[in-house]
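The values are calculated or read from the model by the stated rules, or taken from the named source; none is laboratory data. Not measured: the values here are computed from a predicted model. All Cβ positions, even for glycine, are placed from backbone atoms using ideal geometry, and neighbour counts span all protein chains on display. In case anyone asks, the SASA skips ligands and DNA or RNA and just uses the protein heavy atoms, side chains included. Shrake-Rupley method; radii C 1.70, N 1.55, O 1.52, S 1.80 Å.
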Amino acid sequence: MAWLELSLIVTAAQQAEVEAALEDLGALAVTLLDAEDHPIFEPAPGETPLWPEIALSALFEPDRDRAGLVHVLTDLVPDLSPEQIAFRTVEDQDWTRAWMDQFQPMRFGRRLWIYPWNIEPPADDTDAIVVRLDPGLAFGTGTHPTTALCLQWLDGADLSGKTVIDYGAGSGVLAIAALKLGAARVIGVDNDAQALTASRDNAERNGVAERLDLYLPQHFPQMYADALVANILAGPLAELAPLFAQSLKLGGARALSGILEGQQDELLARYADWFDDLRAATREGWVRIDGTRARPM
């Protein structure tokens with residue numbers, strides 16, 4: 001079955017009115033996408049920010065009258081003009097499966113692999129450490145350079161029997177990888193309850209949930225871990241430096257990412273008060289900073 005898709009570009013100020021009008025017209029689904037290049041990296045808790053320019057599309061039954069839709073929509077939203085509105089026919093398909101079919105296994109370091117659930121790892125690769133994860137909205141599958149940098153660091157670290165903090169847990173991919181690589185326990189922290197739910201679900205599917213503890217930041221317990229990985233943003237990383245220092249044992253290793261090239265010097269200086277062996281690795285314009293906890297607070 002085919003569907004009729006109506007699409008147009010609106011501003012953030014127009015979005016709510018246009019979306020409500022489309023729903024009143026009987027739209028079966030409404031989708032919002034960034035019309036330009038304004039990524040939203042990390043909204044604050046409770047915020048749902050929008051892009052300045054939004055590519056908005058709506059699906060209707062295929063036999064809807066196009067001219068009638070344009071006429072009523074521009075009546076409901078006088079700021080719109082008919083020239084803004086375009087139509088096309090969209091063939092039906094299993095959109096989730098189509099997206100998953102584009103997601104292929106990825107290797108990080110020597111042993112660590114991320115596999116989607118629709119692809120089975122080869123049985124003869126006995127050295128492979130496999131994390132199973134489906135793509136989606138959820139906060140990290142290994143495709144973003146910052147996640148990849150952290151997964152490579154975990155693959156090269158000695159985590160056997162150790163306690164690891166994953167600050168900014170998201171989908172739980174880093175926490176699950178650490179547990180599969182031998183960590184005895186991982187403490188995952190995220191300011192989004194949805195992320196904690198995703199982490200728990202993914203850990204259960206990977207068979208490691210009993211060794212994963214999850215917290216909102218305000219409930220993060222005082223502790224001394226052996227290693228810490230934080231894939232967030234440069235601003236929070238700078239603010240959290242004292243907390244990270246006091247949460248790691250002397251000699252504990254940590255990796256920080258979510259840092260754009262050009263932001264690393266300030267963070268290197270910030271962490272030098274408590275960490276030695278500071279060094280930066282880069283990938284596609286993003287940076288990871290490694291170091292070892294060296295001095296008491």
- Round to the nearest 0.05 the FRET efficiency obtained for THR74 and ALA184 when R0 = 51 Å and r is the Cβ-Cβ distance. 0.25
- For GLN194 and ALA294, extending 7 Å from Cα along the Cα-Cβ vector and measuring point to point gives, in nm, a value of 4.1
- Simple label model, 7 Å out from Cα along Cβ direction - GLU210 to ASP127, nm: 3.0
- Compactness of the range 154-245 - radius of gyration and Dmax, Cα, Å: 12.2, 34
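How high is the relative contact order of the range 166-241, in percent, with contacts defined as C-alpha pairs under 8 Å that are six or more residues apart? Display every interim value, and only then the final one.
On the way: 104 pairs, mean separation 27.4, N = 76.
RCO, the range 166-241: 36 percent.
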- Antiparallel as a % of all DSSP beta bridges within the chain, to the nearest 5? 60
- The answer for the longest stretch of the chain without any exposed GluC sites (Glu not before Pro) (DSSP loop, at most 16 further Cβ atoms within 10 Å) is 48-260
- Message: For a quick check of understanding: with a 1.4 angstrom probe and all protein chains in place, what accessible area in square angstrom does SER7 have, to the nearest ten?
- Response: 40
- Message: Under 10 Å, Cα contacts only: if you run a Gaussian network model on the chain, which one of ALA183, ALA123, ALA175 comes out with the highest mean-square fluctuation?
- Response: ALA123
- Note on the structure: In nm, the gap between the two label points placed 7 Å beyond Cα toward Cβ at ALA272 and GLU53 is 4.3
- Query: Can you run phi through the Karplus equation (6.51, -1.76, 1.60; θ = phi - 60°) for the range 248-256 and list ³J(HN,Hα) in whole Hz, with x for Gly and Pro?
  - Reply: 10, 5, 4, x, x, 9, 8, 10, 10
- Subtract the Cα-Cα distance of ASP201 and ARG107 from 0.36 nm times their separation in residues, and report this length gain in nm to one decimal. 31.6 nm
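Below 8 Å between Cα atoms, with a sequence gap of 6+, how large is the relative contact order for the chain in percent? The partial results should precede the final answer.
Numbers: 572 pairs, mean separation 37.2, N = 297.
It rounds to 13 percent for the chain.
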- Message: Given Cα positions, please report Rg to Rh for the range 178-226, the hydrodynamic radius being the Kirkwood one.
- Response: 0.96
- By how many degrees, between 0 and 90 and to the nearest 10, does the Cα long axis of helix 145-156 differ from the longest principal axis of the chain? 30
- Å³ per residue enclosed by the Cα convex hull of the chain: 150
- Message: Using only Cα atoms and rounding to the nearest 10 degrees, what angle (0 to 90) does helix 12-24 make with the longest principal axis of the chain?
- Response: 60
- Message: Quick one: 3J(HN,Hα) in Hz for the range 56-70, Karplus 6.51/-1.76/1.60 with θ = phi - 60°, rounded, Gly and Pro as x.
- Response: 10, 9, 9, 9, 10, 4, x, 9, 5, 6, 5, 4, x, 4, 4
- Query: Heavy-atom accessible area of ASP65 with all protein chains present, probe 1.4 Å, nearest 10 Å²?
  - Reply: 100
- Between 0 and 90°, nearest 10: helix 193-205 axis offset from the chain longest Cα axis: 70
- When the accessible area of the chain is computed with all protein chains present and a 1.4 Å probe, what percentage of it is carbon and sulfur? 50
- Please build a GNM for the chain, connecting alpha carbons under 10 Å apart, and tell me which residue among THR146, THR197, THR74 fluctuates the most. THR74
- Message: Given a 1.4 Å probe and heavy atoms of the protein chains only, how would you sort ILE176, ILE119, largest accessible area at the top?
- Response: ILE119, ILE176
